[in-house]
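First up is the structure itself, then whatever we jot down about it.
The numbers here are math on the coordinates, done by the rules we state, and not lab data. No experiment lies behind these values; they were computed from the predicted model shown. All Cβ positions, glycine included, derive from the backbone under ideal geometry; neighbour counts span all protein chains shown.
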Amino acid sequence: MTIPRRLYKDLKAVITVDKKITAPVKEGTKMGSVNVTLKDEVVANKDLVALQSVEQGNIFRRLYDSTLMMMEKSDDGK
């Protein structure tokens, strides 16, 4: 898509990423989306996908990540 330079200031991209992403994740899995608008008109809406697979972590990694996720949830309640 080609957009005249004078309209760049009217472009807006909004990226939405899923709140809870947990491993394992397969390559190509949808993780969110990006929505591009020009003067409040949608010009593109694309999925954000994993570029590579991510395996599940070991027990220590999962405990650490679970702790972080619980702390994040407690911060949301404030």
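So what does log10 I(q)/I(0) come out to for the chain at q = 0.11, 0.15, 0.17, 0.19 Å⁻¹, using the Debye formula with one equal point on every Cα and no solvent?
So the normalised log intensities are -0.49, -0.74, -0.83, -0.90.
Please give the calculated 222 nm ellipticity per residue for the chain, where each DSSP H segment of at least 4 residues contributes -39500 (n - 2.57) and the sum is spread over every residue; nearest 500 deg cm²/dmol?
-8000 deg cm²/dmol
Efficiency by 1/(1 + (r/R0)^6): what FRET value for residue 37 and residue 70, r their Cβ-Cβ distance, R0 = 30 Å, to the nearest 0.05?
My answer for the efficiency is 0.25.
Can you run phi through the Karplus equation (6.51, -1.76, 1.60; θ = phi - 60°) for the range 41-52 and list ³J(HN,Hα) in whole Hz, with x for Gly and Pro?
10, 5, 10, 7, 9, 10, 6, 9, 10, 5, 7, 8
Using only Cα atoms, tell me the angle between helix 59-76 and the longest principal axis of the chain; keep it within 0 to 90° and round to the nearest 10.
So the helix axis and the longest Cα principal axis differ by about 60 degrees.
Can you work out the FRET efficiency for the pair residue 15 and residue 58, with r the C-beta to C-beta distance and R0 = 35 Å, to the nearest 0.05? Intermediate results must be reported in sequence, preceding the final value.
On the way: r = 30 Å, r/R0 = 0.87.
The pair residue 15/residue 58 has a calculated efficiency of 0.70.
When we measure straight from the Cα of residue 73, which lysines land under 26 angstrom away, once same-chain ones fewer than 8 places off are left out?
Of all the lysines, those that pass the test against residue 73 - Cα under 26 Å, at least 8 places apart if same chain - are 19, 20, 26, 30.
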